[in-house]
Amino acid sequence: MSNDNEVLANEEQHMIDYIRRLREIEDQMEPLKEMKRQLKEEYKDEGKLSKEQLSVALRAYRMLKNDVDLDELLHNYSLLQRNLRGAL
C-alpha cells in the first residue's frame, strides 16, 4: 500500500472513530433534550407561558449566556433595519 493510500485509510478510520464517539455523546444527550422538551410543554400546557413568551425567554437566556452587548445589538439592528427596509 502506498503512503497516500495509508494516509487516506488512516483518515477514514479517524472519521469513523469520530462519528462513533459523536454518536455516543449524542445518545447520552438525548435524555436531557427530552427533559428540555418536557419543560417547555409543561409551561405551555399549564398556561404559565405562551409559545411566544417561551421563545423570548430562551432568546434572552442565550443572549445573557453569550454576554451580548445590548447597545451594540440595538445599534446594528437599527442599521440593518434602515438599510434592509423593503428588501426583505
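Taken together, the values in this text are just the output of simple stated rules run on the coordinates, not laboratory data. As the structure is a prediction and not an experimental result, all values here were calculated from the model. As a convention, Cβ positions derive from the backbone with ideal geometry for all residues, glycine included, and neighbour counts pool all protein chains shown.
Observations on the model:
- Rounded FRET efficiency, nearest 0.05, which uses the C-beta distance separating residue 8 from residue 37 and R0 of 30 Å: 0.15
- Choice from 43, 77, 61 showing the highest fluctuation, given a GNM over the chain with Cα pairs closer than 10 Å: 77
- In the chain, helical runs assigned H by DSSP with n ≥ 4 each contribute -39500 (n - 2.57); averaged across all residues and rounded to the nearest 500, the mean residue ellipticity at 222 nm is -29500 deg cm²/dmol.
- With Cα atoms defining each centre, the stretch 34-58 and the stretch 60-88 are spaced 24 Å apart in the structure.
- Charging the Cβ of each Asp and Glu at -1 and of each Lys and Arg at +1, and nothing else, the dipole of the chain about its Cα centre rounds to 720 debye.
- Spacing of the modelled spin labels on residue 17 and residue 29, each 7 Å from Cα toward Cβ, amounts to 2.1 nm.
- Length released on extending from residue 51 to residue 85, taking residue separation times 0.36 nm less the Cα-Cα span: 9.5 nm
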